[in-house]
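Have a look at the structure below, then the notes.
The values are calculated or read from the model by the stated rules, or taken from the named source; none is laboratory data. Note that this is a predicted model, so its numbers are computed, not measured. Please note: Cβ atoms are built from the backbone with ideal geometry, for glycine as well, and neighbour counts cover all protein chains shown. Each accessible area value is taken on the protein alone, full model and side chains, heavy atoms only, with ligands, DNA and RNA left out. Shrake-Rupley method; radii C 1.70, N 1.55, O 1.52, S 1.80 Å.
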Amino acid sequence: MVFSRVYLATVALAAVIVAAPSVQADTLTSALSQTYNNNPTLNAMRAQLRATDENVPQALSGYRPVLTANAFIGPSYTRGRTSPLSPVASSTTWGRGVGLTIEQPLFRGFRTQNAVKQAESSVLAGRELLRSTEQDVLLDAVAAYTNVIEQMGIVSLRQQNIAFLQEQQRAAADRLKVGEGTRTDLAQTEAALSQGQTAYDVAVADLNSAKATYLQIIGVAPKNLSSPPVNVRLLPKSPQAAVSAGQSRHPAIRAASYNVDTAAFNVKVIEGQLLPTVSLQGNLAHQDDSSVTGSWGNSASIVANLSVPIYEGGVVYSQTRQAKETLGQRRIELDSARDQVRAAAVSAYGQLEAARASITSAQEQIRASQLALEGVIEEQKVGQRTTLDVLNQQQSLLQARETLLLAQRAQVFASFTLLATAGGLSAENLGLAVQRYEPKQHYQAVRDKWIGLRTPDGR
């Protein structure tokens with residue numbers, strides 16, 4: 001059939017079009033840039049880190065004085081006698097006054113120093129959690145992007161399959177009219193066409209679902225997408241290199257390490273409650289009696305206070321033991337994070353190698369299936385093959401082409417997964433054209449603030 005040869009050429013051309021970048025296509029790089037700027041999960045984690053930054057000025061407040069002003073006014077009623085024989089007398093005075101108290105901590109059992117270090121460690125852990133979230137979100141964007149391309153390719157292939165089956169149905173009907181075919185041949189083509197239509201409808205539904213996920217993660221609807229290349233320059237060259245890179249720079253491991261430091265400083269903060277505290281307190285006061293003309297008084301004092309805890313019911317001892325158990329938990333979590341990253345790196349490298357092998361196998365399968373389909377069609381013309389043979393071979397070719405699409409997507413996704421396990425999936429490492437979020441800017445803006453209700457961005 002002439003149509004069959006044309007169809008084969010059309011399918012081959014369509015596969016090239018699916019794989020070739022469009023002039024006005026949305027590239028994966030631009031999609032990742034949009035994700036970096038718009039993704040709500042990533043923006044929420046940035047806000048969480050900004051809130052964590054405030055732990056440091058709160059801890060630093062332990063070094064700073066506390067200033068308190070007070071004022072009072074009100075009547076005071078007195079009734080009594082000065083001696084057993086004196087008459088009972090009563091009086092009412094209207095006292096009023098103002099005072100100012102300042103207290104400067106001098107020593108708090110090293111709690112302030114350790115609280116500051118604890119807060120700083122929590123900030124560093126938060127930055128690594130932000131990096132981890134960035135990796136996860138960008139990887140989700142890669143999955144959404146490549147999934148749309150894959151589903152678009154499947155829809156295109158199944159649409160062309162319907163055209164092929166429709167032509168087979170018309171040919172079977174024509175042969176039946178002239179007495180060269182059978183009703184069985186026609187029924188087989190109709191059944192295949194119905195099955196092909198169902199498969200196409202499923203592919204369209206999957207494509208719509210993939211587009212919805214794309215919009216959710218990346219923030220814009222997909223337009224003309226182009227198949228992304230695999231950037232082997234950024235990838236580890238071996239499983240051992242992937243494991244080594246992941247152990248040294250993966251954000252999950254680094255965050256777990258900082259969590260260990262945070263828990264260790266927390267133990268010291270709690271233990272500091274058992275040590276003495278020393279503070280310096282100054283007071284200024286003015287008081288007068290409005291009911292007595294000229295009655296007033298001023299006072300000033302400065303005293304050093306020493307407080308030595310002796311026993312507090314055992315709560316501090318229990319809190320210390322509890323904090324030490326938490327510290328042990330954080331150390332176990334650090335070991336677990338290292339194991340998880342090691343396993344993920346080896347797995348991702350294996351998945352990438354498997355995807356590459358699948359691409360080669362699928363390409364060979366397509367080549368063989370094309371030749372087989374052409375041969376079956378020619379043999380059908382001379383009566384050596386049936387219509388069912390042609391339909392079955394066509395399905396084999398279709399499955400081979402879909403397998404290639406799946407393998408190509410798997411290769412791209414596995415490459416980015418491998419990059420993530422090595423701790424290298426970031427806007428900076430990928431060279432995204434974005435205004436990169438710098439956590440240190442907010443931290444430096446709030447660290448030494450003594451007063452102010454507004455956030456650095458004016459809220």
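Numbers at a glance
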read-out	value
Test: residue 242 is over 21 Å from residue 151 (Cβ atoms) and free of Cβ contacts under 8 Å to residues at least 40 places away in the same chain	no
Count - residues of region 381-408 that are within 30 Å of the chain's Cα centre (by Cα) and open to solvent by 60 Å² or more (accessible area, probe 1.4 Å)	2
Cross-chain or 6+ apart pairs with Cβ under 7 Å, region 81-92 first and modelled with pLDDT under 75 and assigned to a loop (DSSP other than H, G, I, E, B), then open to solvent by less than 70 Å² (accessible area, probe 1.4 Å) and of a type outside the set (Lys, Arg)	81/89
Region 73-97, residues that are under 23 Å from residue 287 (Cβ atoms) and open to solvent by 100 Å² or more (accessible area, probe 1.4 Å)	73, 77, 79, 94, 96
Helices (runs of 4 or more DSSP H) completely within region 366-452 that count 1 or more residues being under 19 Å from residue 154 (Cβ atoms)	387-421
Of the criteria (1) among the basic types (Lys, Arg); (2) open to solvent by less than 30 Å² (accessible area, probe 1.4 Å); (3) free of Cβ contacts under 8 Å to residues at least 12 places away in the same chain, which one residue 454 fails	(2)
Residue in region 336-351 that is among the basic types (Lys, Arg) and closer than 11 Å to residue 260 by Cα present	no
Output for region 187-241, where each listed residue is open to solvent by less than 30 Å² (accessible area, probe 1.4 Å) and not aliphatic (A, V, I, L, M)	189, 196, 214, 222, 226, 228, 236
Check on residue 35, hydroxyl-bearing (Ser, Thr, Tyr), open to solvent by 60 Å² or more (accessible area, probe 1.4 Å) and either modelled with pLDDT under 95 or closer than 30 Å to residue 227 by Cα (or both)	no
Count - residues of region 110-157 that are within 17 Å of the chain's Cα centre (by Cα), open to solvent by 40 Å² or more (accessible area, probe 1.4 Å) and more than 25 Å from residue 263 (Cβ to Cβ)	1
Unique match (being charged (D, E, K, R) and either modelled with pLDDT of 90 or more or touching an Asp or Glu at 6+ places or on another chain (Cβ under 6 Å) (or both)) among 449, 381	449
Test result for residue 348, within 23 Å of the chain's Cα centre (by Cα) and under 30 Å from residue 156 (Cα atoms)	yes
